[in-house]
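Down below is the structure, laid out as structure tokens.
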Amino acid sequence: MTPLPPVTRVRLRSTHRLVPSRYPPVGILDTVSRPEDLDLIIELESWTNDRVSGELGLLHTIPRGEWVMGRPMASVVMAAFCHPRPGGGRFNDETRGAWYGARTLETAHAEAVYHRTRELAEVGVLDTRVEMRLYLADFNARFHDLRGGDRAFAACYAPDSYAASQQLARALLDAGSNGLLCRSVRDPKGECLAAFRPPLVLNVRPGAHFEYRWSGSLQPAIRRLG
């Protein structure tokens with residue numbers, strides 16, 4: 001039987017999440033208050049399957065009782081769960097996303113730079129710029145805690161493989177877990193969380209904008225905009 005991490009109650013303010021600015025901060029989920037309203041709008045607007053997928057992603061994979069709707073930044077919250085990265089992330093597969101947040105801005109930059117650089121290196125483009133938008137969010141919930149260094153979970157921190165971490169995350173999600181607290185793989189001094197349930201992501205608000213500029217190297221220059 002796979003061991004489970006201990007559970008820790010946390011109250012966190014202003015965790016940091018960076019996403020490319022091309023993703024809009026406002027969407028249809030900010031304006032509808034009930035799932036029934038969304039069904040009606042889709043029917044009235046005669047949306048195509050492609051448009052539904054583009055706007056709402058994998059919304060159908062999230063139980064309706066966990067949908068966040070009718071509040072500011074609802075679309076931002078749900079996008080994290082409905083538009084997972086191909087192949088998934090460390091604690092989610094590509095069938096359902098998670099909200100990843102870092103305790104500090106430095107850790108958020110380290111995580112975001114790693115993933116953006118890896119994407120650019122795969123297509124052979126390291127002379128470009130990307131604008132990133134910061135979102136702050138609060139949490140007040142119980143999370144399974146991987147920060148203690150238990151060797152049973154060492155494979156979850158593999159720098160180049162998500163196999164063990166995704167397997168653990170799926171088991172915890174299916175068992176009703178809220179998510180995970182973990183050490184940052186990209187920032188040795190940092191800590192992160194992965195929230196599995198949209199309603200746990202509280203008081204989301206926009207922060208700063210940043211420009212990441214690559215000039216042939218794997219490490220971009222980071223500039224705060226505005």
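The values are calculated or read from the model by the stated rules, or taken from the named source; none is laboratory data. Quick caveat, the model's predicted, so the values are computed rather than measured. With ideal geometry, Cβ positions are generated from the backbone for all residues, glycine too; neighbour counts draw on all protein chains shown.
Residues are listed down the side, and each one gets a yes or a no for (1) in contact with a Gly (Cβ under 6 Å, 6 or more places away or on another chain); (2) modelled with pLDDT of 90 or more; (3) under 14 Å from R17 (Cα atoms):
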| residue | (1), (2), (3) |
| --- | --- |
| E66 | no, yes, no |
| M69 | no, no, no |
| A80 | yes, yes, yes |
| F91 | no, yes, no |
| E94 | yes, yes, no |
| T107 | yes, yes, yes |
| R142 | no, yes, no |
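A quick yes/no check of all residues on (1) farther than 26 Å from I62 by Cβ; (2) modelled with pLDDT of 95 or more; (3) polar (S, T, N, Q):
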| site | (1), (2), (3) |
| --- | --- |
| G101 | no, yes, no |
| A110 | yes, yes, no |
| L134 | no, yes, no |
| D150 | yes, no, no |
| A195 | no, yes, no |
| L200 | no, yes, no |
| V204 | no, yes, no |
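If you check P25, P20, which single one turns out to be at pLDDT below 85 and within 30 Å of E211 (Cβ to Cβ)?
Values: P20 fails: at pLDDT below 85.
Result of the check over P25, P20: P25.
From A194, A154, A169, grab the single residue that is assigned to a helix (DSSP H, G or I), of a type outside the set (S, T, N, Q) and under 15 Å from the mean Cα position of the chain (by Cα).
Working: A194 fails: assigned to a helix (DSSP H, G or I); A154 fails: under 15 Å from the mean Cα position of the chain (by Cα).
Result: A169 is the single residue among A194, A154, A169 that is assigned to a helix (DSSP H, G or I), of a type outside the set (S, T, N, Q) and under 15 Å from the mean Cα position of the chain (by Cα).
Can you give me the number of residues within region 141-168 that are of a type in the set (D, E) and either within 15 Å of R90 (Cβ to Cβ) or in contact with a Leu (Cβ under 9 Å, 6 or more places away or on another chain) (or both)? If you could, list the steps in order and put the result at the bottom.
Of all residues in region 141-168, those of a type in the set (D, E) come to 145, 150, 160.
From what is left, the residues that are either within 15 Å of R90 (Cβ to Cβ) or in contact with a Leu (Cβ under 9 Å, 6 or more places away or on another chain) (or both) are 145, 160.
The number of residues fulfilling the criteria is 2.
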- Item | Any pair with Cβ under 8 angstrom, 6 or more apart, that starts in region 81-109 at a residue that is of a type in the set (V, I, T) and ends at one that is assigned to a strand (DSSP E or B) and modelled with pLDDT of 95 or more | T104/H16; T107/H16; T107/E191; T107/C192
- Item | Test result for Y135, part of a strand (DSSP E or B), hydroxyl-bearing (S, T, Y) and closer than 28 Å to G226 by Cα | yes
- Determine which single condition S184 fails, assuming it passes every other condition in (1) more than 22 Å from V76 (Cα to Cα); (2) over 17 Å from the mean Cα position of the chain (by Cα); (3) surrounded by 12 or more Cβ atoms within 10 Å (Cβ to Cβ); (4) in contact (Cβ under 8 Å) with a residue 40 or more places away in the chain. (2)
